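The values are calculated or read from the model by the stated rules, or taken from the named source; none is laboratory data. A quick note: this is a predicted structure, and the numbers were derived from the prediction, not measured. Using ideal geometry, Cβ is built from the backbone for each residue, glycine included, and neighbour counts are taken over all protein chains shown.
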Amino acid sequence: MRRALASLAIRLATLAGLLGPAVPAFAIPQVVLVQNSGWMEPFYSDPASAFKPLVTELVANVVQPGDALVLAAFNQSLPGAPSPKGLLSEQADPKTLHAHVEAALAGLQTARKPGAGRSGGAALADTDLGEAVDAALNQVLGGKPGLIWLVTNNRNSPNNDQATAARNREFYALIHRGAAIDKALAFPLRMPVKGEHYSANGLMVYVFAAGKEGARALDALLASGRVQRVITEPPARLKPLDRDTVRLVPRRVEGAAGVALAMDAGGRLHADVEPDAVAPSTRIQWQLENTIYPYTIAGATISARSMLAGENRPIELARSRIDQLAPGKAEPLASSMQLPVARLPGKWSMEAIRSAGSAYVLPGRIELHLAGQKLVLSQAFRERMAALFPGDPLPEIFTPPSEIQASTATLPLEVRVHYGSGPLVALIGAALAVLAAGAGAAYAYARPRRVQLTVEDELRIMHTRAGATQPIYDKAGREVARLKTTLFGHQLIDLREGAQVRLGR
């Protein structure tokens, strides 16, 4: 096995080179693993099989321009027959991607063990799901973020081991407890096929997001609807099971004049508050929805908090438990939530004036915590899996790990205070008045002034400005006084004794 894995590393090193500096920073590497072991025989031999077209359309839709793509077939690695085996490695070009994937899959057939002849069903290759995923994580991605797609009939039987339940547990331990995988989803699909040796009713498409960047890329991919163009079935979540298991959707606000709630397409809650709202708390009617398909939340204790304006406050819930909440179903939940009214800027504050005509935004969040969480696989999903994979104990393996007994759902929140333009208009008016007064004062200060004086019965005219002080001379040329001019008038100063000087005639 070690030699086989060493050979695998050499074979995939070239493919992993795609993930180097030549790839744009925005691209996300994607690895697509297609099973071709003996259990897959009817998917390849049935003339009516839609298996290869499905894989082609899936890759063409989920791999975006610039993404590094590695397409490989897998079964079980043996000396002389490494697995996975590369079929295609390239930086995706939307003009050629579909044709390249179709050509790479065209010659793919059911694999046989080394040395086996063309006949003899017992010589068909076995399957090792864990080995394939581990190779993609460590050899192709090299521990870096990316997406791994696994297309399989869900029969995990290394060395033709019939203890499929035990093998599946090993596979799911890699998913649930492996630190490399941040998010994992499964799409069970109906695809009845009949071959020379076996028949099957369906197959499974898994997607594993490696690293937080991979998880964000998967979320964006699902939100874009590109996966749903090919696979219309809802994804069954394998990981994470400890966050975002429920969703809060606001329905009605009661007893809080001037407060309105709305949720945008991105799942963010907006609380629109009038500046005169003074209610210390608001009663909100929610819908609490189970978002963790295919699990029923059999029981959990719930509590909630709001983090807003630097305040961490408990939210009073009308009840503290949920029981038997089926996937996709919702039930009402009432709460009393305190708004930081005292912390909101007043309408005459600088924040309000800056936000005049728009909204002053206060970001925060609501956290809903589920303690003692017990998840149970829904009966409808069990029945669907039994029909697609008869005799396969896989549904039991969907049971969450025992250590996962709590989860947290986060609802982004924005409090938006809408300030009118009245204070801003008043402030602008006051500023203009001050400017006008200043301009008037400046003009009054600077304008020329004409003053009549009588010196020794002689009428004189002097020209001056506010703030100026000018000497006054008699007929003999002696200084007999000074004329001081202010904004408010004129006055004679330093008047010489006996001088005959007066203002006016």
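For this structure, a couple of remarks:
- Test: residue in segment 352-360 that is in a strand (DSSP E or B) and at pLDDT 75 or above: no
Condition check ((1) surrounded by 24 or more Cβ atoms within 10 Å (Cβ to Cβ); (2) out of contact with any helix residue (DSSP H, G or I) (no Cβ under 6 Å at 6 or more places or on another chain); (3) of a type outside the set (K, R); (4) farther than 17 Å from L124 by Cβ) across all residues:
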{"position": "L54", "(1), (2), (3), (4)": "no, yes, yes, yes"}
{"position": "V59", "(1), (2), (3), (4)": "yes, no, yes, yes"}
{"position": "A68", "(1), (2), (3), (4)": "yes, no, yes, yes"}
{"position": "F74", "(1), (2), (3), (4)": "yes, no, yes, no"}
{"position": "S89", "(1), (2), (3), (4)": "no, no, yes, yes"}
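- Qualifying residue in segment 392-407 (condition: modelled with pLDDT of 85 or more, of a type outside the set (S, T, N, Q), more than 25 Å from the chain's Cα centre (by Cα) and outside the structural domain of R177 (by TED's automatic domain parsing)): no
- No other residue among A223, A186, A180, A236 is under 16 Å from V63 (Cα atoms) and of a type outside the set (S, T, N, Q) apart from A223.
- Residues located in segment 88-112, provided they are free of Cβ contacts under 8 Å to residues at least 24 places away in the same chain and among the hydroxyl-bearing types (S, T, Y): T96
- Only one entry in R247, R229 is more than 25 Å from P412 (Cβ to Cβ) and surrounded by fewer than 21 Cβ atoms within 10 Å (Cβ to Cβ), namely R229.
- For segment 211-226, a residue qualifies if it is without any contact (Cβ under 8 Å) to a residue 60 or more places away in the chain and surrounded by 14 or more Cβ atoms within 10 Å (Cβ to Cβ), and the qualifying residues are A215, R216, L222.
- Qualifying residue in segment 113-132 (condition: farther than 16 Å from T152 by Cα, of a type outside the set (A, V, I, L, M), assigned by TED's automatic domain parsing to the domain that holds P42 and touching a residue at least 60 places away in the same chain (Cβ under 8 Å)): yes
- Selection count where residues are of a type in the set (G, A, S) and either crowded, with 20+ Cβ neighbours inside 10 Å or touching a Leu at 6+ places or on another chain (Cβ under 6 Å) (or both), scope segment 294-329: 4
- Residue that is nearest to T56 (Cα to Cα) [pool: residues in segment 239-262 that are of a type in the set (D, E) and assigned to a loop (DSSP other than H, G, I, E, B)]: D244
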